[in-house]
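Engineer: What follows is a structure written as structure tokens; I'll ask about it next.
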Amino acid sequence: MRALYHLTIPVSPMADCEAVAQDVRLLQQVAPGERFHLYPTRRPGTRIPRLLWGLTALPALWRAERSIDLHHVFNPDPFPFAVLRFLRRPIVYTVVGGVNETHCDMARRLSRLVSAIIVSSEADSAYLQAWGIAQGRFIQPAIEATRFSHTAMPADAPFTLLAGSAPWTVEQFTSKGVDALLEAAQRRPDLRLVFLWRGVLFDEMMRRVKACGLEERVRVLNERVDVNKALAGVHASIVLASRVDVVKAYPHSLLESLAAGKPALVSRIIPMAGWVEQAGLGVVIEEVDVDHVLRAVAILESQQARFRPPVLQAAVKNQAVRFVEHHRQIYQQASQAVPAHS
């Protein structure tokens, strides 16, 4: 079985570091295949309407279909791209962000084009069921957990957070909580921050770090890094979002943190927050502002003994096995079915 994997983000200078690209690498164990970027330009920010993305590439996509069994599209929301109507192989569609009540119409239109819509939380799955969408499938995201190991921080080390999910646009410095984190470091002089960057808006980030006077306490890793090594130098990881569609439902940086035995700090609006709270894997942050960030950090710091590394690591390892097997079943069902829009 072979698949063509469609990404709706720009080609990043460090594409292999992207969470969706890592998902694809994991799924290539089940269905080998290439990646294709539906995003129409090489840089973030385009005036081409989203509905039209991928249409100019149809001849290439039709040629690719000669050697694949299915398409797998990854996109933050359940958007029915026009190009999907013209694909001749079955389509599996993963909503990598989340679903909310505003998505009803587009999700129903999408359901007429695809064999399966994969979502990352039970709440998202409930939305699809309520809208009468039978193709909905809930699969909790996962990572290759065996790549990570636990390294304890020295007892006297200043409290340090690793921040993932770097911005694609200037607006996302606010919506992804970068500005709130920098302000938190300003207000708490013993707090250290390490940002995983992706080559986009690096100069803007460094300008903000300098403007806050945080050059000595904030590191921005704008290069390929050994994430396991980076996690060895922090107490926990954090991902913030003020909107459900700006980050993955289960950010890879947080899953990697858990795989390394380090707890997660996560915004309530991100679907992963429910799992973190229920399984005792970290602290949920109610709002993306400096006061809520500082409060959550204080709770995590005072309760570090609660978050035992073996428990955190086991939660992620078990999930990886289920993730691969569930996709294998969906791929087999999709490849044997007639395309939904034929």
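The values are calculated or read from the model by the stated rules, or taken from the named source; none is laboratory data. Bear in mind that the values here come from a model prediction, so they are computed numbers and not experimental data. Cβ placement follows ideal geometry from the backbone for every residue including glycine, while neighbour counts extend to all protein chains displayed. For the accessible areas, the whole protein counts, side chains as well, though only heavy atoms, and no ligand, DNA or RNA atoms are used. Shrake-Rupley method; radii C 1.70, N 1.55, O 1.52, S 1.80 Å.
Engineer: Report yes if some residue within the range 256-264 is open to solvent by 40 Å² or more (accessible area, probe 1.4 Å) and of a type outside the set (A, V, I, L, M); otherwise report no.
Structural biologist: Let us first name the residues in the range 256-264 that are open to solvent by 40 Å² or more (accessible area, probe 1.4 Å), namely none.
Looking through the range 256-264, none of the residues is open to solvent by 40 Å² or more (accessible area, probe 1.4 Å) and of a type outside the set (A, V, I, L, M).
Engineer: What residue, of T146, T151, T174, is in a helix (DSSP H, G or I), under 22 Å from S257 (Cα atoms) and in contact (Cβ under 8 Å) with a residue 24 or more places away in the chain?
Structural biologist: Numbers: T151 fails: in a helix (DSSP H, G or I); T174 fails: under 22 Å from S257 (Cα atoms).
Result: T146 is the single residue among T146, T151, T174 that is in a helix (DSSP H, G or I), under 22 Å from S257 (Cα atoms) and in contact (Cβ under 8 Å) with a residue 24 or more places away in the chain.
Engineer: Still on this structure, I have one more. Working only within the range 162-185, note down all residues that are in contact with a strand residue (DSSP E or B) (Cβ under 9 Å, 6 or more places away or on another chain) and over 15 Å from W197 (Cβ atoms).
Structural biologist: In the first step, residues of the range 162-185 are kept if they are in contact with a strand residue (DSSP E or B) (Cβ under 9 Å, 6 or more places away or on another chain); the result is 162-166, 176-178, 181-182, 184-185.
Passing the criteria: A184, A185.
Engineer: Tell me, which residue of the range 62-92 that is in contact (Cβ under 8 Å) with a residue 40 or more places away in the chain and among the charged types (D, E, K, R) is nearest to I139 (Cα to Cα)?
Structural biologist: D77
Engineer: So which of T169, T174, T146 ends up being modelled with pLDDT of 95 or more and hydroxyl-bearing (S, T, Y)?
Structural biologist: Numbers: T169 fails: modelled with pLDDT of 95 or more; T146 fails: modelled with pLDDT of 95 or more.
Result of the check over T169, T174, T146: T174.
Engineer: Can you say whether I285 is closer than 16 Å to A184 by Cβ and crowded, with 24+ Cβ neighbours inside 10 Å, as far as the supplied structure shows? Show your work before the answer.
Structural biologist: On the way: closer than 16 Å to A184 by Cβ: yes; crowded, with 24+ Cβ neighbours inside 10 Å: yes.
When the stated conditions are applied, I285 passes them.
Engineer: Those residues that are of a type in the set (F, W, Y) and under 22 Å from Q22 (Cβ atoms), I need them from the range 80-117; list them, please.
Structural biologist: Once the filter is applied, which keeps residues that are of a type in the set (F, W, Y) and under 22 Å from Q22 (Cβ atoms), the range 80-117 yields only Y93.
Engineer: Only residues in the range 313-335 that are closer than 14 Å to W275 by Cβ count as the first member; pair them with residues that are part of a helix (DSSP H, G or I) and not small (G, A, S), Cβ under 6 angstrom, at least 6 apart or cross-chain, and list the lot.
Structural biologist: V316/L255; V316/L258
Engineer: Follow-up question, since we're still on this one. Scan the strands (runs of 3 or more DSSP E) fully inside the range 47-128 and keep the ones with 2 or more residues being of a type in the set (V, I, T) and open to solvent by less than 70 Å² (accessible area, probe 1.4 Å). First the steps, then the outcome.
Structural biologist: Values: elements: 70-75, 91-95, 116-119.
Hits in the range 47-128: 91-95, 116-119.
Engineer: Related question: With the checklist (1) under 30 Å from T174 (Cβ atoms); (2) over 24 Å from the mean Cα position of the chain (by Cα) in hand, flag the one item Q332 doesn't pass.
Structural biologist: Tallying (1) under 30 Å from T174 (Cβ atoms); (2) over 24 Å from the mean Cα position of the chain (by Cα), Q332 fails exactly one: (1).
Engineer: Right, another one. For D226, state whether it is in contact with a Pro (Cβ under 6 Å, 6 or more places away or on another chain), of a type outside the set (S, T, Y) and at pLDDT below 95.
Structural biologist: Details: in contact with a Pro (Cβ under 6 Å, 6 or more places away or on another chain): no; of a type outside the set (S, T, Y): yes; at pLDDT below 95: yes.
Here the answer is no, as D226 does not meet what is asked.
Engineer: Filter the range 23-36 for residues that are modelled with pLDDT under 90 and surrounded by 18 or more Cβ atoms within 10 Å (Cβ to Cβ) and give the result.
Structural biologist: Within the range 23-36, just D23 meets the criteria.
Engineer: Restrict the check to the range 184-203 and report whether at least one residue is without any contact (Cβ under 8 Å) to a residue 60 or more places away in the chain, farther than 23 Å from P263 by Cα, part of a loop (DSSP other than H, G, I, E, B) and open to solvent by 20 Å² or more (accessible area, probe 1.4 Å).
Structural biologist: Checked against the condition, which is being without any contact (Cβ under 8 Å) to a residue 60 or more places away in the chain, farther than 23 Å from P263 by Cα, part of a loop (DSSP other than H, G, I, E, B) and open to solvent by 20 Å² or more (accessible area, probe 1.4 Å), the range 184-203 yields at least one hit.
Engineer: From the set of residues in the range 221-250 that are small (G, A, S), under 14 Å from V266 (Cβ atoms) and part of a loop (DSSP other than H, G, I, E, B), which is most open to solvent (accessible area, probe 1.4 Å)?
Structural biologist: Just the residues of the range 221-250 that are small (G, A, S), to begin with: 230, 232-233, 236-237, 241-242, 249.
Narrowing the set further to residues that are under 14 Å from V266 (Cβ atoms) leaves 236-237, 241-242, 249.
Next cut, part of a loop (DSSP other than H, G, I, E, B) only: 241-242, 249.
Numbers: A241: 3, S242: 62, A249: 1 Å².
The selected residue is S242.
Engineer: Within the range 296-328, track down each residue that is under 23 Å from D23 (Cα atoms) and in contact with a strand residue (DSSP E or B) (Cβ under 9 Å, 6 or more places away or on another chain).
Structural biologist: Correct list: L312, H326, H327.
Engineer: Shifting gears a bit: Would a scan of the range 294-307 turn up a residue that is of a type outside the set (K, R), under 30 Å from E171 (Cα atoms), in contact with a helix residue (DSSP H, G or I) (Cβ under 9 Å, 6 or more places away or on another chain) and assigned to a loop (DSSP other than H, G, I, E, B)?
Structural biologist: The answer is no, given that none of the residues of the range 294-307 is of a type outside the set (K, R), under 30 Å from E171 (Cα atoms), in contact with a helix residue (DSSP H, G or I) (Cβ under 9 Å, 6 or more places away or on another chain) and assigned to a loop (DSSP other than H, G, I, E, B).
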